Structures are given as C-alpha cells and as structure tokens.
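As structure tokens, the structure follows; a few thoughts come after it.
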Amino acid sequence: MSKRLHNPLLTNIFIIIGVLLATGCTAKTAKPPKDMDTFKTKTGKTVTIHPIKHASMGITFDQLEIQIDPVIKATPPETDYTKMPKADLIIITHEHYDHLDADAVADLSKSTTIIVTNQSSAEILGKGEVMANGDSLTPVAGVTLHAVPAYNTTPGHLQFHPKGRDNGFIMELDGLRLYIAGDTEDIEEMANVKDIDVAFLPCNQPYTMTPEQLRRAADMVKPRVLYPYHYGNTPVDEMVKAMEGSGIEVRIRDFQ
C-alpha cells in the first residue's frame, strides 16, 4: 500500500475552495466595471455613473442610489433591475415607452423610494412628485433637481416632444452639476444651463438631435464632460467628429 502525503497547506486550500463552491461565493474585486465612471464633488464625495442603455443610467452618490429613465424591454438588451440595488430616487423625464416603464419602477422601488417626473408620467404611474419646466426640488437630502425644458423644434418633429410637456433635469450633488437633457433638440433655453460638470445630450433622428445639433447644444452648455446618449443608430464616429475642437471631453459609453 502506498503512503499518502499530507500537506496541511494544500488541505486548507482545498477546504476553502470547497466552501466557496458550496456557498456559491466568488472572489470580489475592488475594481469597478469598465462602464462605470466616477467624479468627485466639491468636498471630495464620490459620484459614480453607471450607463445602462439608451437613456437609462444609475447614479450612486453618498450611499444614495438614483435611477434615470429605467426600462426593462423597450430597448435591448433586456435589463434585470431586480439584480440592482433598490433606488432611493427614480427620475423619469417623460412618458415615452423607452423612458417610462412601470415594471422597472416596481423592481427598483422600496417603501421609501421617491419618484420624480412630469405630470403625464405621474398620471400613468398613479404616483410621483411632479415637476414642470422651471421647478426646483430637493427630493432627498443632498440632491437638488431643477426641471428644464426639453422639446422638438424641427418642423414635422414637433409632435414627438411638444414644448412644455417633458423635462430635462439639472442635478446638483454637493456642488457637482449634472445636466440630463432628456429628449430634446438644441433649444435656445440651453444657453441658460450654466456651470455644468457632466452633460448627457441625446443624438438620434428623428426624435432628438443630429450630430451637428449635438455640437451646437454642447457649445451652449459647455460641460466639462459630455456623454452623448440615447443615440440609437447614429454612428459614433459622426458624433465624435462633430465635437472635434470643442475643448469638451467626450466620453462614449453604451447608450445606444
């Protein structure tokens, strides 16, 4: 009979591996997924932006979970919000199917979740804090929202997003200012959107902007960082080319 060598170190390693496999645990990494970007507020707090798809994104700030225009199936790929943290705040720009999804709202909601949206979306959901263009609100401590206009101006497109119905939002997080434009063209009111650190501007036809309009909008807003979003079938290289020479940092993420 052959002798079996006993190595205590190897034995312990095998035991640990067996426990991990049995419990379904996996090793965790401190490195955030590549799609997440982080920014610092004026007092050094971290704001993490998680692009999801199309016009949907998650924002984490000071232990607050914020979701913007969450949808499950309206735009591919299907998103499983049950695997994400429950939201403290859900912001919905308007009622179109690719921005308002009651099932996504339900999956993300807990008893204390606050929903902020426009009048028509609140009527569809049967709940929500209503903001109209020009309103300001602090829905949760540390987060201030300013609702700004978002609408179409091109003849033949005015019915998509009529003036006065939908919102864009300026979000203030401890001095960091984000502009989430919603579905809009390069409207004149953008000249009043000031001191923006991070902007999300839509670029797809016929519903929002062309790459040329994207550039004009960016020139008005002058953000430090620009994320083109809600860009549908717009070629990425066309958006990048339109922004050349602007002096604005353009970050392309999966907002198709």
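The values are calculated or read from the model by the stated rules, or taken from the named source; none is laboratory data. Every value quoted in this text rests on a predicted model; they were computed, and no experiment measured them. Please note: Cβ atoms are built from the backbone with ideal geometry, for glycine as well, and neighbour counts cover all protein chains shown. These area figures cover heavy atoms from the full protein model, side chains too; ligands, DNA and RNA do not enter into them. Shrake-Rupley method; radii C 1.70, N 1.55, O 1.52, S 1.80 Å.
Tabulated results
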quantity: Test: residue in segment 196-207 that is under 18 Å from the mean Cα position of the chain (by Cα), of a type outside the set (D, E, K, R) and either farther than 20 Å from Asp254 by Cα or in a helix (DSSP H, G or I) (or both); calculated: yes
quantity: Yes/no for Gly168 being at positive phi, buried (at least 17 other Cβ atoms within 10 Å of the Cβ), in contact with a strand residue (DSSP E or B) (Cβ under 8 Å, 6 or more places away or on another chain) and modelled with pLDDT of 95 or more; calculated: no
quantity: Filtered residue count, segment 165-188, keeping only those that are in contact with a Phe, Trp or Tyr (Cβ under 7 Å, 6 or more places away or on another chain) and either over 30 Å from Thr41 (Cβ atoms) or free of Cβ contacts under 8 Å to residues at least 40 places away in the same chain (or both); calculated: 4
quantity: Members of segment 124-164 found to be part of a helix (DSSP H, G or I) and either open to solvent by 70 Å² or more (accessible area, probe 1.4 Å) or touching a residue at least 60 places away in the same chain (Cβ under 8 Å) (or both), listed by number; calculated: Ile124
quantity: Output for segment 202-222, where each listed residue is of a type in the set (Asp, Glu) and either touching a Pro at 6+ places or on another chain (Cβ under 8 Å) or without any contact (Cβ under 8 Å) to a residue 24 or more places away in the chain (or both); calculated: none
quantity: Among (1) touching a Lys or Arg at 6+ places or on another chain (Cβ under 7 Å); (2) among the hydrophobic types (A, V, I, L, M, F, W, C); (3) surrounded by fewer than 19 Cβ atoms within 10 Å (Cβ to Cβ) - the single one Ala242 does not satisfy; calculated: (3)
quantity: Residue check, Val225 β-branched (Val, Ile, Thr) and either crowded, with 17+ Cβ neighbours inside 10 Å or in contact with a Cys (Cβ under 8 Å, 6 or more places away or on another chain) (or both); calculated: yes
quantity: Every residue from segment 177-195 that is open to solvent by less than 10 Å² (accessible area, probe 1.4 Å) and of a type in the set (A, V, I, L, M, F, W, C); calculated: Leu178, Ile180, Ala181, Ile187, Met190, Val193
